[in-house]
Ligand code: ACO
């Protein structure tokens, strides 16, 4: 029996704190006029001290699980796509798993920069279609504001923080994610890079003093690459789904730059009115931008059950990709999810597990004295 991966839940979370172009113009040599005309961005959201990639991911996930009416214990897999994880390890996905109380789920992080959500969506879909799992939670979450040099006008104007999540569920009915393409070209890795702080260049006084722990970008080259691959990936994914671009009702692109999106749609001969753009309010939230834009499209009634939608993105790596989905809409309500109760249950579960681990260690220590 063929299985399909339907998108049955979705949720987003963005910080409340807004940073406008005028605010930025007080920090670096730029202007609202320059930023708007070159990128389309007016403002972005910036995480406060209590917010992080995991907290935003958990908020978005709780909303997605609520829409899907799915208990976290029914999740088999959690993938967090992020370039701004809480730590190198443990994976942010494991923090999310613990905070959701998803006791039966495997969890890992995926790093494909701004294309990460497309990659994660495809991996989750393939795991469902193979019959290996039934329910997956796919999250794109970022706090790139923590990795940006706020004195570098080339990059600090672009990025914002946020998270978005999809629930994927197995069903024999045709629909959900029906095709995807994932591509990469590591020869362009230096065009968008965060060089310091990992194994290639461990953090030292010198790496920090010279700002190697910040994002570095060749904007012009990334721009040229992006305009080329967005259209290519869309065409490939549509062809793989045995459709044509005329069958597509909505394109939800990675929200990096309005001019990149316009150029890609022009070469696809696809109308702008059928494209979702919200980068004016959030900037580039990297891997979170596609699920956030999807949530807003649904709120605005632009995406309905049965619609064919294309998700398309590009990013550091270089990476790019696209996915075609037949929109499923939420499942009939079986039981009402209560996020507050879920959160309390998850916290209690985590506390009990830590406590039991400590007791276990004490007993083990008594029976295995140091030699
Ligand atoms: N304010 C004012 N002037 C600026 C600013 C700024 N914020 N930033 C750059 N400039 C100046 C440059 O110094 C340059 O001056 P010069 O001609 O005297 O050297 C001039 O403006 C033009 O610079 P360009 O880089 O040619 O400007 P461009 O039109 O290409 O726009 C931008 C720059 C917005 C960065 C664009 O190239 C872009 O969007 N590139 C893609 C970036 C992107 O999408 N990155 C994310 C990828 S996704 C991921 O994986 C995270």
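Could you give the length gained by full extension between residue 200 and residue 18, i.e. 0.36 nm per residue of separation minus their alpha carbon distance, to one decimal place?
62.0 nm
For segment 1-63, what does the alpha-carbon gyration tensor say about shape, rounded, prolate or oblate, given a ≥ b ≥ c as the root eigenvalues, a/c under 1.5 as rounded, and a/b over b/c as prolate?
The shape class here is oblate.
Once you have all Cα-Cα distances for segment 69-137, histogram them in 5 Å bins from zero and send the whole-percent values.
4, 19, 26, 24, 19, 7, 1
What are the semi-axes of the equivalent ellipsoid for segment 121-172, taken as the square roots of 5 times the Cα gyration tensor eigenvalues, largest first, in whole Å? Intermediate values should be presented prior to the final figure.
Working: eigenvalues 257, 16, 10 Å².
Calculated on Cα positions only, the semi-axes equal 36, 9, 7 Å.
Just order 62-70, 36-44 by mean Cβ neighbour count inside 10 Å, highest at the front, would you?
Averaged packing, sorted descending, gives the order 62-70, 36-44.
Between rounded, prolate and oblate, where does segment 159-287 land on the alpha carbon gyration tensor, with a ≥ b ≥ c its root eigenvalues, rounded for a/c under 1.5, else prolate if a/b exceeds b/c?
Prolate shape, in that a/c is at least 1.5 and a/b is the bigger ratio.
Quick check for you: which residues of segment 252-277 have the amide N under 18 Å from the point 7 Å beyond the Cα of residue 33 toward its beta carbon?
none
Among 306-317, 137-148, 255-266, 346-357, what's the highest-first ranking by average C-beta atoms within 10 angstrom per residue? Provide the component values of the computation, followed by the final result.
Details: 306-317: 23.8, 137-148: 27.6, 255-266: 20.6, 346-357: 12.3.
Top to bottom by mean Cβ count within 10 Å: 137-148, 306-317, 255-266, 346-357.
How large is the Rg to Rh ratio of segment 135-223 when both quantities use alpha carbon positions and Rh follows Kirkwood?
1.10
Quick one: plug the Kirkwood hydrodynamic radius of the chain (C-alpha pairs) into Stokes-Einstein at 4 °C, 1.567 mPa s, and report D in µm²/s. Please report the intermediate quantities before stating the final value.
On the way: Rh = 21.1 Å.
Roughly 61 µm²/s, to the nearest whole number.
Measure off 7 Å from each Cα along the Cα-to-Cβ vector at residue 273 and residue 173, then give the distance between these two points in nanometres to one decimal.
It is 3.0 nm.
How long is segment 1-112 along each principal axis, judged by its Cα atoms, biggest number first, in Å?
Extents along the principal axes, in whole Å: 56, 32, 25.
Quick check: convex hull of the Cα atoms in segment 190-231, volume per residue, rounded to a whole Å³?
66 Å³
Against the globular-protein guess of 2.2 N^0.38 Å, express the Cα radius of gyration of segment 88-238 as a ratio, rounded to two decimals.
On the way: Rg = 18.1 Å, N = 151, 2.2 N^0.38 = 14.8 Å.
Rg over 2.2 N^0.38 Å, computed on Cα atoms: 1.22.
Bin by bin, in steps of 5 Å, what percent of the Cα pairs in segment 238-300 do you find, going until the bin that has the longest distance?
Over segment 238-300, the share of Cα pairs per 5 Å bin runs 4, 18, 27, 23, 20, 8, 1 percent.
Where the Cα atoms of segment 193-257 are projected onto their three principal axes, how long is each span, largest first, in whole Å?
Projected onto its principal axes, the Cα set of segment 193-257 covers 55, 23, 17 Å.
Could you quote the convex hull projected area for segment 252-371, Cα atoms only and averaged over all directions, in nm²? Please list the in-between numbers first.
Values: hull surface 55.7 nm².
With the hull built on Cα positions only, its mean projection is 13.9 nm².
Throughout, read-outs are computed from the coordinates displayed, never taken from laboratory work. Since the structure is predicted, the reported quantities are computational estimates derived from the model, not experimental observations. Virtual Cβ from ideal backbone geometry, glycine too; neighbours counted across all protein chains shown.
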